Amino acid sequence: MPVLWLSAAGVVRLAGSPLRTTMHSLPVPGAVGAEVFYVRTGFHYSLSLAGMLAIFAIVYGVLAMVRVRYRRWMGYAHLALSAGGALLILSPAQFVAMTADASLDPLAAFDIWNRVSAVGYAMTLGGMAMFVAVLVDAWRRRVLPRLHG
């Protein structure tokens, strides 16, 4: 499981790499203000999102080392929600930068990708809820020592 989390962190980090060169020159004419701020700082978001996934790799590694039992499907669901959400968060910066020149209405394209990013934030929040569920499941499945009395 930790290797999958580290792989997801690497993918998110690589997805954010092209954003370093485009973060100040995104071709979104007429789009000024707070609604494009997160797109222009997408490279930095990719670093923090990859860091978050790497921290989960450490947590799952520690859980494996101390032999904590949890349902594997819950761990995989947590990975899918968190990593998928992180990639969707970065999607507007990627796709608006690639398609704004070819689009007839770049602001409409940006609005669509902005909604996709909102879904990514919701998925990441769902991933955090799933992590809490994994920890609760592991706590409930712990093996208690038997008392001889």
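Residue by residue, here is whether (1) modelled with pLDDT under 75; (2) part of a loop (DSSP other than H, G, I, E, B) holds:
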| site | (1), (2) |
| --- | --- |
| Ser7 | no, no |
| Leu26 | yes, yes |
| Ala31 | yes, yes |
| Phe37 | yes, no |
| Ser46 | no, no |
| Ala54 | no, no |
| Gly61 | no, no |
| Arg67 | no, yes |
| Ser91 | no, no |
Does region 111-133 include one or more residues that are under 14 Å from Ala9 (Cα atoms), modelled with pLDDT under 85 and touching a helix residue (DSSP H, G or I) at 6+ places or on another chain (Cβ under 7 Å)?
no
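The values are calculated or read from the model by the stated rules, or taken from the named source; none is laboratory data. Bear in mind the structure is a predicted one, so any value in this text is a computation, not a measurement. Ideal geometry is used to build each Cβ from the backbone, glycine not excepted, and the neighbour counts take in all protein chains shown.
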